[in-house]
Amino acid sequence: EVSDAPIQGAAEIERAINDLSAKADGGLIVLADNTTVRYRALIVSLAARHRVPAVYPYRYFVTSGGLVSYGIDTVDLYRRAAFYVDRILRGAKPADLPVQQPTKFELVINLNTAKALGLTFSPGLLAIADEVIE
């Protein structure tokens, strides 16, 4: 069963993860928004404390101790943004530039966190990961 937990601050995050931890075989999918980015450290620490496996939208959640991230490659987005800035500074009209969707995604796995949660990943998944933290 999938359920949502709208959050706006630390109290709601704590309540949501605490409630989720009471469910057998629960897991957390953290969406990309300003609130989750702002409270990244709290979300990662609560997921670890309550032993809730979580998938995050950005690699920096995983480098901060999260389990897994799958999402857009932000470095690639910044590189693309530089292209747009260059074109605009050279006189191109922003309205004439094409809109581009992200095309590069990355999978990051933290084996230290997996071990702490008693989880393992298949060799195939580890082989395709862009980064494996050990």
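The values are calculated or read from the model by the stated rules, or taken from the named source; none is laboratory data. Given the structure is predicted, the values throughout are model-derived calculations rather than measurements. Backbone-built Cβ (ideal geometry, glycine too); neighbour counts: all protein chains shown.
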Report summary line: Matching residues in the stretch 84-117 (aromatic (Phe, Trp, Tyr) and in contact with a Leu (Cβ under 9 Å, 6 or more places away or on another chain)) number 1
Query raised in the report: Looking at the stretch 35-91, which of the residues that are of a type in the set (S, T, N, Q) and modelled with pLDDT of 95 or more is surrounded by the most Cβ atoms within 10 Å (Cβ to Cβ)?
Result: Ser69
Query raised in the report: In the stretch 119-134, how many residues are free of Cβ contacts under 8 Å to residues at least 12 places away in the same chain and either of a type in the set (Gly, Ala, Ser) or part of a helix (DSSP H, G or I) (or both)?
Result: 4
Query raised in the report: Out of curiosity, is Ala32 outside any helix (DSSP H, G or I) and surrounded by 12 or more Cβ atoms within 10 Å (Cβ to Cβ)?
Result: yes
Query raised in the report: If you check Val108, Val99, Val52, which single one turns out to be in contact (Cβ under 8 Å) with a residue 24 or more places away in the chain and assigned to a loop (DSSP other than H, G, I, E, B)?
Result: Val52
